[in-house]
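The block underneath contains the structure these notes are about, expressed in structure tokens.
The values are calculated or read from the model by the stated rules, or taken from the named source; none is laboratory data. Only a predicted model underlies this, so the values are computations on that prediction, with no experimental measurement involved. FYI the Cβ positions are ideal-geometry reconstructions off the backbone, even for glycines, and counts take in every protein chain you see.
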Amino acid sequence: MPEMPEVETIRKTLAPHIEGRRITKVDLRLDRLVKVPADAANFVSRLEGRRVESLSRRGKYLCFQLDGAGDIFIVHLRMTGQLYFSADGSTDRKYTRLALSLDNGSALLFADLRTLGALYLVTPAEIPLIKGLHTLGPEPLTEAFTEEYLKNYLSARQTKIKSLLLDQSAIAGLGNIYADEALFLAGIHPERKAKTLSDKEIHRLYKAVNKVIGDGIADGGTTFSDYRDAHGESGHHQENLNAYQRTGKPCKGCGTAIQRLVIGGRSAHFCPRCQK
Ligand SMILES: [Zn+2]
């Protein structure tokens with residue numbers, strides 16, 4: 001599943017191709033991927049003819065601001081969704097569920113093998129209809145995500161720190177890979193209860209969360225299976241991971257074998273020696 005650095009990489013690689021382009025034709029091949037509006041025909045008719053003014057991102061949602069009435073076209077990739085820029089305008093890529101032809105002969109394709117992705121077309125007032133977007137917490141590497149915020153959030157909570165880091169209403173955009181990596185860097189055991197973290201540990205965690213997200217974006221994301229940027233290129237952050245999916249391999253810090261635990265239904269990878 002793509003995480004925030006992967007989605008940001010898609011945004012960065014796609015934006016120069018799509019901003020300022022007009023959508024000349026909308027070919028929706030699987031109606032049920034459209035979650036809002038309820039009527040897929042309405043989605044198609046409102047999207048067709050619009051110009052993309054900007055492409056932004058909030059958490060793992062990609063937001064295409066459109067001209068005219070101010071509608072926003074929003075994509076969530078979920079498990080296997082991919083956005084692919086087709087320079088020659090061909091729309092026959094495998095698993096394409098939505099093809100947007102653009103006014104310079106190119107096209108934007110949404111492909112999705114498992115069809116769990118979600119497409120929305122909303123007015124700004126309708127954003128609360130997208131619950132996962134509306135309730136997102138502050139994001140790493142933004143002004144809203146301060147050490148003070150993190151400290152306040154953790155101080156009242158009994159939840160295990162790993163589960164808390166995955167809660168999108170606490171911190172937006174941190175998924176399993178980057179949560180494991182942040183806890184490794186901070187030297188914090190994933191099962192620690194949030195409120196037991198000392199100020200020093202919270203400081204290390206704050207720095208680590210920003211660092212793993214920043215490094216992930218700098219590396220063009222992490223590719224294990226399906227993730228590709230808008231040009232179909234893999235990321236290479238998987239080469240720089242310390243903990244995630246390294247079970248049994250030696251810790252890069254101390255040589256102890258990385259262990260795996262299941263916390264709140266999700267796997268957690270950690271060094272039993274370096275993480276207290
Ligand atoms: Zn270690």
If you take the residues in the range 120-150 that are aliphatic (A, V, I, L, M) and more than 15 Å from the chain's Cα centre (by Cα), which one is farthest from G70 (Cα to Cα)? L150
Looking at the structure I just gave you, is R157 touching a residue at least 60 places away in the same chain (Cβ under 8 Å) and basic (K, R)? no
Test result for E126, touching a residue at least 60 places away in the same chain (Cβ under 8 Å) and not β-branched (V, I, T): yes
Residue hits (the range 11-50; hydrophobic (A, V, I, L, M, F, W, C) and touching a Gly at 6+ places or on another chain (Cβ under 8 Å)) are I23, L33
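Conditions (1) within 30 Å of L98 (Cα to Cα); (2) outside the structural domain of K200 (by TED's automatic domain parsing), marked per residue:
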site: L121; (1), (2): yes, yes
site: P124; (1), (2): yes, yes
site: T142; (1), (2): no, yes
site: K151; (1), (2): no, no
site: L154; (1), (2): no, no
So which residues in the range 243-276 are among the polar types (S, T, N, Q) and either modelled with pLDDT under 95 or more than 13 Å from the ligand (Cβ to nearest atom) (or both), if there are any at all? Q245, T247, S267
Failed criterion for A182 (all others in (1) in a helix (DSSP H, G or I); (2) without any contact (Cβ under 8 Å) to a residue 40 or more places away in the chain; (3) surrounded by fewer than 21 Cβ atoms within 10 Å (Cβ to Cβ) hold): (3)
Being buried (at least 20 other Cβ atoms within 10 Å of the Cβ) and in contact with a strand residue (DSSP E or B) (Cβ under 9 Å, 6 or more places away or on another chain): is that true of G173 here? yes
Here the residues within the range 193-242 that are of a type in the set (A, V, I, L, M, F, W, C), modelled with pLDDT under 95 and over 15 Å from the mean Cα position of the chain (by Cα) are L241
Restricting attention to the range 30-60, which residues are without any contact (Cβ under 8 Å) to a residue 60 or more places away in the chain and outside any helix (DSSP H, G or I)? A38, D39, E48, G49, R50, R51, V52, E53, S54, L55, S56, R57
Please name all residue pairs, on different chains or six or more residues apart, with Cβ atoms under 9 Å, provided the first residue is in the range 16-27 and is in a helix (DSSP H, G or I) and the second residue is polar (S, T, N, Q) and surrounded by fewer than 16 Cβ atoms within 10 Å (Cβ to Cβ). none
